[in-house]
Amino acid sequence: MMRPTWTRRRWLAFTGLIAMASAVRCDAVQGVLDPHNTISIGAATARFGERVTKAAEADKPTLLFLESLEEVNPTTNYHRVSLLLVNPLDVPITYHGYRMDGWDKRPPTGEISPFYTTELREKPNEAWKPNSLGWCGTGAGQMTIPPNQAGRFEAVFYHPATAGRIGVNYRTPNQDERSFTTVWSQEIKLDAK
């Protein structure tokens, strides 16, 4: 029995991405570019303050901690935070995460959903310890943040600790498909007040 040949175009049509061609562009090297999943650095500065401008002056992507959205819940050890991934480069970056079409209700403009990693520590000089999360692959893909754009997302810490940090893996066009760089947030204080 002969198996069909799956070209990239045929595979994308099968997965439903071609149906969104008017709103979403798929680039074999860069991933999915959805014009609604990021905002300009200027718009991010207006929304989140001057620290975005400083991040935009960097020579690499920056992961800014915006705010804690909840206090630590001592019963569930759950702490939710808001972050902003800023791409100040002249080239796009890609990250692995959920596509905007992967949600029942589309997230607001400027919201992204990268697969992130968390690390925790109990004492200030202690080494960071990985705090693994599990991710479902349904609705996931390579997403793009264009040059001079940013995307906000929420992250969760699930275990007790005094501090944590969030990391997002990204790739630039000149990196090999199998390589990536991790951008880390600043240390985020998690102790209950």
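Please treat every number below as a calculation from the coordinates, not as lab data. All figures in this text were calculated on a predicted structure; none of them were measured in a lab. Every residue, glycine among them, receives a Cβ derived from its backbone with ideal geometry; neighbour counts consider all protein chains shown.
Using the average count of surrounding beta-carbon atoms within 10 Å as a protection proxy, the listed peptides 38-48, 93-103, 180-190 rank, highest first, as 93-103, 38-48, 180-190.
Full-extension gain between Ser132 and Trp184, please, as 0.36 nm times their residue separation minus the C-alpha to C-alpha distance. List each step's numbers first, then the result.
Values: separation 52, 0.36 × 52 = 18.72 nm, distance 1.50 nm.
My answer for the length gained is 17.2 nm.
Paramagnetic label reach from Glu177 (point 7 Å along Cα→Cβ; backbone nitrogen cut-off under 14 Å): within segment 83-104, no residues. For a straight C-alpha distance cut-off of 20 angstrom, the lysines reachable from Lys189 (same-chain residues fewer than eight places away being disregarded) are Lys123, Lys129.
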